[in-house]
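Working notes for the structure below.
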Amino acid sequence: MGLFRYLKEKFSKKKSAEEEQKQEIYEAGLKKSREAFGTKLKELNRRYQKVNSSYFEELEEILIEADVGVSLTLKLVNELMDKSQKEGIHDPTVLEEELVDLMFIGYSEKGRDVINEIHYQKEGPTVMLVEGVNGVGKTTTIAKLAYRAIKQGKKVLFVAGDTFRAGAREQLSIWAERLKCDIVLGKEGADPASLCYDGAKKALEEKVDLLIVDTAGRLQNKQNLMAELAKMKKVLSREIPGSPHETFLIIDATTGQNGVSQARAFKEVSEVTGIVITKMDGTSKGGIILSIRDELGVPVRFIGLGEKMEDLREFDLDHYLHALLLG
């Protein structure tokens with residue numbers, strides 16, 4: 001059974017209250033993207049009884065506008081054209097099923113063994129570095145990740161390692177107060193590595209489960225950023241062997257291919273273990289997830305589907321594709 005039919009069958013079955021809620025959140029959060037992608041795809045299929053060169057040109061345009069990315073779009077369209085010619089498939093609705101299968105296969109092949117949820121260390125703190133340029137929702141995402149952990153009964157500590165951006169420490173302090181978790185602060189312009197040292201010591205002494213370290217988002221000088229991150233990681237790994245265990249990069253979905261470029265730049269200077277996509281509910285560019293996975297091979301681990309704390313969700317490929325194309 002192909003993925004298209006599998007998804008239709010899976011989502012037509014009776015679900016638990018938790019699964020129903022998850023489906024509703026995904027469908028609401030991807031509404032704009034679905035209108036720009038899934039709805040346009042269905043309209044395209046209605047206008048063509050039989051596929052031809054014009055059909056494939058329009059399909060290519062829909063995929064690019066949805067931010068699937070040029071290279072992945074060309075790959076998908078070329079594979080569909082080959083399939084159409086070799087297997088004599090001319091029905092656009094059948095090709096839609098093939099498209100969903102190709103999108104799933106391309107993503108899953110590069111992340112077959114990925115576990116999206118945070119894997120906590122059996123002993124000692126789990127250390128997470130959080131990266132991203134200014135304005136992508138980094139501070140809010142840190143708060144939402146902490147909220148998830150606290151709801152799971154974990155003790156969380158923040159390190160305000162972005163000491164250069166005006167207001168960064170104050171914003172994180174406000175969230176620490178709201179969430180009732182501790183925070184390590186330094187003066188504006190302080191050495192982030194020294195704060196990492198203080199944070200690691202405190203996390204060990206107070207038996208913290210999750211140490212979340214905010215970092216500066218200055219991509220203007222990659223050499224300086226690389227040196228700063230390397231120093232932070234060196235201090236953390238010395239105090240807590242094996243850390244950082246996670247390095248999350250925050251990407252704003254509304255920035256489209258600029259977000260993919262940011263991800264590429266950060267990957268050059270840091271070992272990113274996962275992407276967190278924010279503001280997905282505010283964009284029609286839902287294909288950015290497929291684009292990032294295809295170009296960078298880094299998995300999307302969490303997805304922001306709304307403003308509420310609960311709207312940061314563990315990424316689920318089935319729910320994503322269903323809400324994007326079939327919801």
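The values are calculated or read from the model by the stated rules, or taken from the named source; none is laboratory data. Source: prediction; values computed, not measured. Heads up, the Cβs are rebuilt from the backbone with ideal geometry, glycines too, and the neighbour counts pull from every protein chain shown. Protein only, heavy atoms only, side chains kept; ligands, DNA and RNA dropped before computing areas. Shrake-Rupley method; radii C 1.70, N 1.55, O 1.52, S 1.80 Å.
Output the number of the condition that Ala166 fails; it satisfies all remaining conditions of (1) out of contact with any helix residue (DSSP H, G or I) (no Cβ under 6 Å at 6 or more places or on another chain); (2) closer than 19 Å to Ile142 by Cβ; (3) modelled with pLDDT of 95 or more.
Of everything listed in (1) out of contact with any helix residue (DSSP H, G or I) (no Cβ under 6 Å at 6 or more places or on another chain); (2) closer than 19 Å to Ile142 by Cβ; (3) modelled with pLDDT of 95 or more, Ala166 misses just condition (3).
In a helix (DSSP H, G or I), at pLDDT below 95, over 20 Å from Ala146 (Cα atoms) and open to solvent by 50 Å² or more (accessible area, probe 1.4 Å) - does that describe any residue in the range 170-189?
Within the range 170-189, not a single residue is in a helix (DSSP H, G or I), at pLDDT below 95, over 20 Å from Ala146 (Cα atoms) and open to solvent by 50 Å² or more (accessible area, probe 1.4 Å).
Just checking, how many residues over the range 60-88 are farther than 23 Å from Ala253 by Cβ and open to solvent by 20 Å² or more (accessible area, probe 1.4 Å)?
Count: 9.
Just for the range 267-282: of the residues that are touching a residue at least 60 places away in the same chain (Cβ under 8 Å) and over 14 Å from the mean Cα position of the chain (by Cα), which one is least open to solvent (accessible area, probe 1.4 Å)?
Ser270
Kindly evaluate Tyr147 against the criterion of being within 25 Å of the chain's Cα centre (by Cα), part of a helix (DSSP H, G or I), of a type outside the set (Gly, Ala, Ser) and under 28 Å from Val300 (Cβ atoms).
Judged against the criteria, Tyr147 is a match.
So Tyr120 passes all but one of these: (1) touching a His at 6+ places or on another chain (Cβ under 9 Å); (2) surrounded by 18 or more Cβ atoms within 10 Å (Cβ to Cβ). Which condition number does it fail?
(2)
Could you run through the range 101-125 and say how many residues are outside any loop (DSSP other than H, G, I, E, B) and modelled with pLDDT under 80?
Our first condition is that a residue be outside any loop (DSSP other than H, G, I, E, B); within the range 101-125, this holds for 101-109.
Subsequent filtering for residues that are modelled with pLDDT under 80 retains 106-109.
Here the count works out to 4.
How many residues are touching a helix residue (DSSP H, G or I) at 6+ places or on another chain (Cβ under 8 Å), open to solvent by less than 100 Å² (accessible area, probe 1.4 Å) and outside any helix (DSSP H, G or I) when one looks only at the range 1-21? Walk me through it before giving the result.
At the first step, the residues of the range 1-21 found to be touching a helix residue (DSSP H, G or I) at 6+ places or on another chain (Cβ under 8 Å) are 1-5, 7-8, 10-11, 15.
Going one step further and asking which of them are open to solvent by less than 100 Å² (accessible area, probe 1.4 Å), we end up with 2-4, 7, 10-11, 15.
If we keep only those that are outside any helix (DSSP H, G or I) as well, we get 2, 15.
Within the range 1-21, residues that are touching a helix residue (DSSP H, G or I) at 6+ places or on another chain (Cβ under 8 Å), open to solvent by less than 100 Å² (accessible area, probe 1.4 Å) and outside any helix (DSSP H, G or I) number 2.
Scanning for something open to solvent by less than 90 Å² (accessible area, probe 1.4 Å), in contact with a Phe, Trp or Tyr (Cβ under 7 Å, 6 or more places away or on another chain) and touching a residue at least 24 places away in the same chain (Cβ under 8 Å), does the range 45-59 turn up at least one residue?
The answer is yes; a qualifying residue exists.
Of everything in the range 130-167, what is among the charged types (D, E, K, R), open to solvent by less than 60 Å² (accessible area, probe 1.4 Å) and over 21 Å from Val269 (Cα atoms)? Give them in sequence order.
Matches in the range 130-167: Lys144, Arg148.
Of the conditions (1) open to solvent by 20 Å² or more (accessible area, probe 1.4 Å); (2) closer than 26 Å to Leu296 by Cβ; (3) touching a residue at least 12 places away in the same chain (Cβ under 8 Å), Val127 fails just one. Which one is it?
(1)
Enumerate the pairs (first residue in the range 1-12 and under 14 Å from Asp316 (Cα atoms); second residue anywhere and open to solvent by 20 Å² or more (accessible area, probe 1.4 Å) and of a type in the set (Gly, Ala, Ser)) with beta-carbon separation below 9 Å, excluding pairs fewer than 6 apart on the same chain, so at least 6 apart or on different chains.
Sorted first by the residue in the range 1-12, then by its partner, the pairs are Phe11/Gly327.
Of all residues in the range 267-281, count the ones that are part of a helix (DSSP H, G or I) and at pLDDT 90 or above. I'd like the intermediate steps shown before the answer.
Keep residues of the range 267-281 that are part of a helix (DSSP H, G or I), which gives 267-269, 280-281.
Adding the requirement that they be at pLDDT 90 or above leaves 280-281.
Result for the range 267-281: 2.
Are any of the residues in the range 105-113 surrounded by 14 or more Cβ atoms within 10 Å (Cβ to Cβ), under 24 Å from Leu30 (Cβ atoms) and touching a Pro at 6+ places or on another chain (Cβ under 6 Å)?
yes
Please enumerate the residues belonging to the range 69-109 that are small (Gly, Ala, Ser) and in contact with an Asp or Glu (Cβ under 8 Å, 6 or more places away or on another chain).
Gly69, Ser71, Gly106
Filter the range 61-100 down to residues that are closer than 20 Å to Arg34 by Cα and of a type in the set (D, E, K, R) and give me whichever is modelled with the highest pLDDT.
Glu61
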